[in-house]
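To start, the structure itself, in structure tokens.
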Amino acid sequence: MDRMLPESLKKRWDDPKGLIQVFTGPRQVGKTTAALALMDPEHAIYADADLPTPPTADFITEHWNRARRLPPPQRTLILDEVQKIPRWSEEVKRLFDEDRRERAELRVCLLGSSALLMEKGLAESLTGRFEVSYFPYWTYGECRQCFGATLEEYADIGGYPKAYDLRGDHERLESYLRDGILEPTLGRDVLALHSVDKPALLRQLFWYVSRLPSQVVSYEKILGHLQGRGNSATLAHYAELLAAAFLLVPLGKFSRRAYRTKRSVPKWIVANPGLVAAPVKRAGMRGFVFENLIGAHLLNLIFGRKEYQLRFWRQDSCEIDFILVRDDELLAAFEVKSGRVKRIPARQRLESAGLACPLRVISPENAEEFMRTMNISGVIQGAPA
């Protein structure tokens with residue numbers, strides 16, 4: 001599929017320039033499928049480290065040596081879920097540098113679904129030796145093109161391609177999303193790989209906020225509804241881990257002063273619409289569910305692009321749902337007409353708050369066109385002046 005093998009990815013794969021190719025993104029979005037489609041089976045070794053018991057660094061060495069014995073040219077090694085291996089980046093660096101000294105040609109591709117661990121390992125040991133391709137969730141436009149999905153179906157199922165095989169069976173679909181995606185992500189990508197003193201609290205945080213998509217809720221209020229002890233700092237740390245797994249993203253309030261954004265009460269976006277709590281999303285595509293759909297789409301389009309940030313703005317009774325920022329430059333604001341009673345601030349009010357940027361209103365009438373946008377530039381260009 002074109003989404004799996006875009007021209008930029010093919011170009012990097014065919015001519016890696018001696019760099020390690022890194023594919024990262026959430027589970028079940030096509031990283032492995034893309035790598036397997038690109039490789040030549042006769043000249044490639046594929047190894048998956050996503051095992052019940054994490055392998056040691058010898059796992060990397062063993063498969064690396066096997067790849068070295070493949071017939072040239074275009075010898076390829078693909079290591080899937082490599083972040084599960086302790087000290088993986090140090091071992092990859094050692095072997096990669098050894099090949100460079102020996103001038104041995106070996107294309108190396110690393111796949112990982114834990115953004116925090118991948119970024120940490122790449123920054124600590126592999127600086128200057130890699131380039132990253134980001135795999136976000138499938139957009140509505142892609143699911144519509146590939147599976148004939150309607151916008152209502154996308155709001156229910158989200159951006160997991162395999163889930164569309166189950167769209168006729170709600171019970172089986174919810175079981176797949178919960179047991180086949182969410183639980184492995186929480187249990188094997190977040191809890192097993194990061195320092196989490198209160199795993200039950202982290203799970204409760206996700207399940208509680210999944211019932212409050214696109215709502216502005218403080219950590220203190222959330223704590224009051226959770227079982228077990230904790231504090232706001234603990235919840236903020238757990239929210240950071242959930243955001244790194246691209247499950248739950250707390251948006252900061254827009255301010256020209258960075259410390260105010262950091263300290264603000266967050267607006268919670270469930271990054272994949274399919275992970276909104278089933279009773280909430282089945283109530284229909286309106287209200288906060290509709291707002292979350294728009295916010296999740298914007299987050300998906302800027303996934304992996306750290307120069308972009310998504311914010312919201314609220315002052316007294318005035319509110320703007322989403323504000324897109326790039327390197328502290330305001331690009332566009334988005335107000336979602338979801339059926340909730342609220343008023344759009346006057347232009348003068350926005351300008352006085354430092355929000356002198358194009359404002360785009362998204363309603364059920366134009367949501368289809370908006371959601372079919374495949375890249376962030378299209379979203380920005382579609383915003384009126």
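Could you tell me whether any residue of segment 225-234 is of a type in the set (A, V, I, L, M, F, W, C), in contact (Cβ under 8 Å) with a residue 40 or more places away in the chain and not assigned by TED's automatic domain parsing to the domain that holds ASP97?
First, pick out the residues of segment 225-234 that are of a type in the set (A, V, I, L, M, F, W, C): 226, 233.
Next, only the ones that are in contact (Cβ under 8 Å) with a residue 40 or more places away in the chain stay: none.
Checking segment 225-234: not a single residue is of a type in the set (A, V, I, L, M, F, W, C), in contact (Cβ under 8 Å) with a residue 40 or more places away in the chain and not assigned by TED's automatic domain parsing to the domain that holds ASP97.
Sort out for me the strands (runs of 3 or more DSSP E) sitting completely within segment 264-344 that have 2 or more residues that are outside the structural domain of PHE246 (by TED's automatic domain parsing) and surrounded by fewer than 17 Cβ atoms within 10 Å (Cβ to Cβ). It would help to see each step written out before you state the result.
Working: elements: 267-270, 308-315, 318-326, 329-336.
By residue number, no strands (runs of 3 or more DSSP E) qualify.
Please find, within segment 59-99, the residue that is farthest from LYS10 (Cα to Cα) out of those that are surrounded by 17 or more Cβ atoms within 10 Å (Cβ to Cβ) and among the β-branched types (Val, Ile, Thr).
Per the stated criteria, the residue is ILE85.
Looking only at segment 368-385, how many residues end up being assigned to a loop (DSSP other than H, G, I, E, B) and either touching a Gly at 6+ places or on another chain (Cβ under 6 Å) or at pLDDT 85 or above (or both)?
Result for segment 368-385: 4.
Filter segment 132-152 down to the residues that are free of Cβ contacts under 8 Å to residues at least 40 places away in the same chain and in contact with a helix residue (DSSP H, G or I) (Cβ under 8 Å, 6 or more places away or on another chain), then identify the one that is surrounded by the most Cβ atoms within 10 Å (Cβ to Cβ).
Applying the filter and picking the extreme gives CYS143.
What's the number of the condition GLU240 fails, among (1) assigned to a helix (DSSP H, G or I); (2) in contact with a Leu (Cβ under 7 Å, 6 or more places away or on another chain)?
The single condition GLU240 does not satisfy is (2).
Select from segment 345-367 the residues that are modelled with pLDDT under 70 and part of a loop (DSSP other than H, G, I, E, B) and write down the one among them that is surrounded by the fewest Cβ atoms within 10 Å (Cβ to Cβ).
Among them, the one singled out is ALA346.
Just to confirm my filter: which helices (runs of 4 or more DSSP H) fall fully inside segment 53-161 and include at least 1 residues that are at pLDDT 90 or above and touching a Cys at 6+ places or on another chain (Cβ under 9 Å)?
Where helices (runs of 4 or more DSSP H) fall fully within segment 53-161 and carry at least 1 residues being at pLDDT 90 or above and touching a Cys at 6+ places or on another chain (Cβ under 9 Å), they are 151-157.
Return the residues of segment 153-164 that are touching a Phe, Trp or Tyr at 6+ places or on another chain (Cβ under 9 Å) and either surrounded by fewer than 18 Cβ atoms within 10 Å (Cβ to Cβ) or at negative phi (or both); say none if nothing qualifies.
Residues satisfying the conditions are GLU153, TYR154, ALA155, ILE157, GLY159, TYR160, PRO161, LYS162, ALA163, TYR164.
The values are calculated or read from the model by the stated rules, or taken from the named source; none is laboratory data. Note that the coordinates shown come from a computational prediction; the quantities given were computed from them, not determined experimentally. Note that we place each Cβ from the backbone using ideal geometry, even for glycine, and neighbour counts take in every protein chain shown.
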